[in-house]
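The values are calculated or read from the model by the stated rules, or taken from the named source; none is laboratory data. Note that this is a predicted model, so its numbers are computed, not measured. A quick note on method: Cβ atoms are made from the backbone with ideal geometry, for glycine too, and the neighbour counts reach across all protein chains shown.
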Amino acid sequence: MLDLLLQNAHLIWRGLSVTLETSAWVIAAASVSGLFTGLALLYGPLPLRLLIRVYVDTVRGIPLLVLIFSVFYGLPAMGMQISAFVAAVLALSVFGTAHVSEVVRGAVDSIPDGQTEAAKAIGLTFYKRLRYVIFPQALARAIPPWTNTAVELVKASSLLALVSIIDLLYSTEQIAARTREPLLFYGVAAILYFSINYSLSLVGARVEKRFRYSS
Amino acid sequence: MGLGLALLSLAIGCVIGILAAFARVYGGRPIKAVATAYTEFVRNIPLLLIIYFVFYGLGLIGLHLLNNIWSFVLALAIYSGAYLSEVFRAGMMSVPEGLIEAGKAIGLTPRKTMQFVTLPMTFRIVLPSLSNTFISLFKDTSLAAAISVPELTYGAMVINTNTWRILEVYTTVAIMYLITCYVLAGLLRLLEKKYAMVR
């Protein structure tokens, strides 16, 4: 059993690195664009706000798998040639952006109105209000749901196995089929996914502690 | 098909979730540790992995009674059980202490306090999070396509291979999911209005 594991370790490692790489790209992309769409949801002009609301609710209302299939098979059908990896990162980022923008909106919305009013009263401009009053407080509240979203995105990257991207799950599937040891190899994959996500949660909890204001 | 799968898995998941939540709130140390480990572990691994594990793995250790539909239901139940135990645990812990004490004061046995005070209150507190979980479970039934359970996404894949009309098919499927989710959300909101606690 240990032999089998060692023989296939390099394949598992290759799958793991693909999972880590896609997850890192997707989390970064979704966080940046989600921040902007979240802010647009809060402060944007009405038409933009409506547009983004429709986007967010649509993406959150359809299964991720359908989204992945539409990007992966749909864009080439429209004549756009993109690599499998780019399509994968794009589909997951579209999904992640919707979730992060809700996180941003929720965190800012949970800051009492009095804070904004007080900031206005002492004459801070819009940007200064965000920079010095709203963001520092919203950050601490955004981190726990943001960590959850990051964990969801790592888990979501496993769906890429269904469009033949050789991530951790797909390489495990191939090894399990070849060696006929599904329990062993799926168990290993489960432990690996767990370690990634649990350490993400731990880091999130630490960072949150660091930014929390005594309120 | 998708709805039926979600409903069945949710029912089983609810039972698992309530038991695990009980174990975590009222259980002794070892039981508590087991239930917490189950919840934390399952919540941190992908559903697709659990599906493969149940579908391909359990057959090997002699559980041949599961076909693809039942293995999917089992996998989704295990997955949702972990999320629901978290929901129920939060609900049980937020039943006001005073109510439980009041139950004791009028002479209810611990079991009756549980039956008539804690559990009904828990249900009413968790209803909103329960409906969120149910909607995301419904979306997760799309993963059943991975082991060829004939539900909506699988249907779309079959039509695609036959007709190659990818955009039309996925747009239609997306709209169908979207409408179902909104109808579900609306129905659950009605239920919440009727039963949820005003807090």
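For the reader, a short list of remarks on this structure follows.
- Residue match in region A:185-194 (condition: out of contact with any helix residue (DSSP H, G or I) (no Cβ under 7 Å at 6 or more places or on another chain), modelled with pLDDT of 85 or more and within 23 Å of B:Leu143 (Cβ to Cβ)): yes
- Condition broken by B:Ala37, with the remaining ones in (1) of a type outside the set (D, E, K, R); (2) within 13 Å of another protein chain (Cβ to nearest Cβ); (3) in contact with a helix residue (DSSP H, G or I) (Cβ under 8 Å, 6 or more places away or on another chain) satisfied: (3)
- Residue within region A:102-117 that is away from every other protein chain (no Cβ under 14 Å), assigned to a helix (DSSP H, G or I) and among the hydroxyl-bearing types (Ser, Thr, Tyr) present: yes
- With respect to being surrounded by fewer than 15 Cβ atoms within 10 Å (Cβ to Cβ) and over 18 Å from the mean Cα position of the chain (by Cα), B:Thr109 fits the description.
- The helices (runs of 4 or more DSSP H) found wholly in region B:85-199 and carrying at least 1 residues that are within 12 Å of chain A (Cβ to nearest Cβ), farther than 29 Å from B:Ala33 by Cα and not acidic (Asp, Glu) occupy B:119-140, B:152-163, B:166-195.
- Checking A:Ala91, A:Ala84 one by one, the residue that is modelled with pLDDT of 90 or more and under 22 Å from B:Trp164 (Cα atoms) is A:Ala91 and no other.
- Considering region A:103-123, and only residues there that are small (Gly, Ala, Ser) and exposed (fewer than 14 other Cβ atoms within 10 Å of the Cβ), the residue that is nearest to A:Arg60 (Cα to Cα) turns out to be A:Ser110.
- Residues satisfying the stated conditions in region B:17-71, i.e. outside any helix (DSSP H, G or I) and either touching a residue at least 12 places away in the same chain (Cβ under 8 Å) or surrounded by 17 or more Cβ atoms within 10 Å (Cβ to Cβ) (or both): B:Gly27, B:Asn44, B:Ile45, B:Pro46, B:Leu66
- In region A:1-34, the residues that are crowded, with 17+ Cβ neighbours inside 10 Å and under 16 Å from the mean Cα position of the chain (by Cα): A:Val18, A:Thr19, A:Thr22, A:Ser23, A:Trp25, A:Val26, A:Ile27, A:Ala29, A:Ala30, A:Ser31, A:Ser33, A:Gly34
- Failed condition for A:Phe126, given (1) surrounded by fewer than 19 Cβ atoms within 10 Å (Cβ to Cβ); (2) under 16 Å from the mean Cα position of the chain (by Cα): (2)
- The requirement of being at the interface with chain B (Cβ under 9 Å from one of its Cβ atoms), under 24 Å from B:Ser136 (Cα atoms) and of a type in the set (Gly, Ala, Ser) is fulfilled somewhere in region A:158-177, by at least one residue.
- Among the residues of region A:83-102, those identified as under 19 Å from A:Val59 (Cβ atoms) and among the hydrophobic types (A, V, I, L, M, F, W, C) are A:Val86, A:Ala87, A:Ala88, A:Val89, A:Leu90, A:Ala91, A:Leu92, A:Val94, A:Phe95, A:Ala98, A:Val100.
For every residue, the table says whether it meets (1) touching a Leu at 6+ places or on another chain (Cβ under 9 Å); (2) of a type in the set (Phe, Trp, Tyr); (3) modelled with pLDDT under 90; (4) under 24 Å from A:Asp167 (Cα atoms).
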{"site": "A:Met78", "(1), (2), (3), (4)": "yes, no, yes, no"}
{"site": "A:Arg105", "(1), (2), (3), (4)": "yes, no, no, no"}
{"site": "A:Asp109", "(1), (2), (3), (4)": "yes, no, yes, no"}
{"site": "A:Ala121", "(1), (2), (3), (4)": "no, no, no, no"}
{"site": "A:Phe126", "(1), (2), (3), (4)": "no, yes, yes, no"}
{"site": "A:Trp146", "(1), (2), (3), (4)": "no, yes, no, yes"}
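- Search result, residues across region A:127-171 that are of a type in the set (A, V, I, L, M, F, W, C), in contact (Cβ under 8 Å) with a residue 40 or more places away in the chain and over 30 Å from B:Thr141 (Cβ atoms): A:Leu139, A:Ala140, A:Ile143
- Within region A:74-100, the set of residues being surrounded by fewer than 18 Cβ atoms within 10 Å (Cβ to Cβ), within 14 Å of chain B (Cβ to nearest Cβ) and assigned to a helix (DSSP H, G or I) comprises A:Pro76, A:Ala77.
- Pair list, Cβ < 6 Å and 6+ apart or interchain, from region A:190-202 residues that are within 7 Å of chain B (Cβ to nearest Cβ) to residues that are aromatic (Phe, Trp, Tyr): A:Phe194/B:Phe41
- Residue check for A:Leu90: within 16 Å of the chain's Cα centre (by Cα) and free of Cβ contacts under 8 Å to residues at least 40 places away in the same chain: yes
- Which numbered condition A:Gln137 fails, given (1) of a type outside the set (Ser, Thr, Tyr); (2) surrounded by 14 or more Cβ atoms within 10 Å (Cβ to Cβ); (3) within 14 Å of another protein chain (Cβ to nearest Cβ): (3)
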